[in-house]
Amino acid sequence: MNLRRALSFPKTNLVLAGVIIMLVGDFFFALNDAMGKWLVASYSVGQVLLIRSCGAFLVLGPMLMRQGTAKLFRMERLDLQIFRVSMATADVGLFYAAVVYLPLADVMTFYMAAPIYVAALSHFFLGEKVRWRRWLAIIIGFCGVVIALRPSSASLSPASIFALVGSLSFAIMLILNRRLRGTPDVTLVTWQTVGALVVGLLMSIGTWQTPGPLDLFALLLLGVVSGTAHMMITRALKLAPASTLAPLQYTLLLWAVVFGVVFFGDIPDSQMLIGSAIIVVAGLFIFHRQNVVTEVPPENVPRNVH
C-alpha cells in the first residue's frame, strides 16, 4: 500500500502541475488578447501583425536553434501546410480586426465556439464518428453562436463577421493540426509566424506609423507573451491528459470579461452572456462525450490561439 501511494504521488503532482501551467498559459493568452486590443487602437492590424511576429521570434529563436533549421523544410503535405498558415494568419488578423470595434469578451465568445466547429467538421474532413448526443450539443452550440451574433433584418456588424470568420479559420487550423500531427510544433508555429509577418508587412504598406520606444516595446512584448503562452500550454499537454486540460480553455472567456471591464470599460450585455453560456455548456458536453468515447485530442485545446 505504501509503495502504491509513493508511486501515485508523482503522477498526481504532474497532473496538478499541468493544470496550473495550463491556467497560467490561458492567462497569458488572454493578456495577449487585451494587449492586442489596446495596440490596434493606435496602429493598423498589419503593423501589429508585423512587429508582433518579430517579437515571437525572440521566443522561437532558441527553440529553432535546438531543433535545427533543416527540419523547417522537411514537412509533410506542403499543400496542407500552406493552407494551415493561411488559416492561422486569417485567425490572428481577423481577431485583431474584430477587437478594434467589439468588446474583448464578445470576440472571445465566437472563438470559444471553435471546438464546436471542430467537432462538426471532423465528421466530414477527418472521418471521425460523431454520434447523436454530440450532434445535439453541436446544434445547441450553434444556437449560442446565433444568439451572440445578434442577427436582425439589418446587415450584421462587419466586426461580428470578422470574429465569426476568424473563429472558423481557427477551427480549420485545429483540424489541420490533427492532419499534420507528424510535423514538430516548432515548425508549425515558425511558419505560421512567418505567414503573419509577411501579411503584416504587405498590409503595413501605406499605413505605417513609427512607434515610440514604449509602443515598440509593447508590440514586441505582444509576440513574446503569445509565444510564452504557447510554450506553457504545450508543456501542460505533456504533463496532464488533454481531456483534463481542454475544459480549462474557457477561463479565457472569464479573463476576457475581466480585462474588458477593467481596462476598456466593456460590460457584456445579457444577449452576449446567454450566448456565451450556451456555447460553454455545449462545448463542455462535447469534451465530456469525446472523453467517454476516446481521449480529447490535444489539438482541441487552443494552444496557439492568437
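The values are calculated or read from the model by the stated rules, or taken from the named source; none is laboratory data. In this text the structure is predicted, and so the values were computed from the model without any measurement. So basically every Cβ, Gly included, is an ideal-geometry build from the backbone, and we count neighbours across all protein chains shown.
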For this session: Inspect all residues belonging to the stretch 36-53 and state whether any of them is at pLDDT below 90 and among the polar types (S, T, N, Q).
Result: no
Exercise. Considering the stretch 216-238 alone, what residues qualify as being out of contact with any Ser or Thr (no Cβ under 7 Å at 6 or more places or on another chain) and more than 14 Å from residue 24 (Cα to Cα)?
Worked result: 216, 217, 218, 219, 220, 221, 222, 224, 238
Exercise. For residue 199, which of the numbered conditions (1) free of Cβ contacts under 8 Å to residues at least 12 places away in the same chain; (2) over 18 Å from residue 116 (Cα atoms) fails to hold?
Worked result: (1)
For this session: Report the residue count in the stretch 179-215 for those that are surrounded by 14 or more Cβ atoms within 10 Å (Cβ to Cβ) and in a helix (DSSP H, G or I).
Result: 21
For this session: Scan the stretch 235-255 for residues that are closer than 22 Å to residue 96 by Cβ, of a type outside the set (Ser, Thr, Tyr) and at pLDDT below 90 and jot them down.
Result: 249, 252, 253, 254
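If you go through the stretch 98-115 one residue at a time, do you hit one that is small (Gly, Ala, Ser), assigned to a loop (DSSP other than H, G, I, E, B) and under 15 Å from the mean Cα position of the chain (by Cα)? First the steps, then the outcome.
Of the residues in the stretch 98-115, the ones small (Gly, Ala, Ser) are 98, 105, 113-114.
Right, trim to assigned to a loop (DSSP other than H, G, I, E, B) and you get 113.
Those still in the list that are under 15 Å from the mean Cα position of the chain (by Cα) too: 113.
Within the stretch 98-115, one or more residues are small (Gly, Ala, Ser), assigned to a loop (DSSP other than H, G, I, E, B) and under 15 Å from the mean Cα position of the chain (by Cα).
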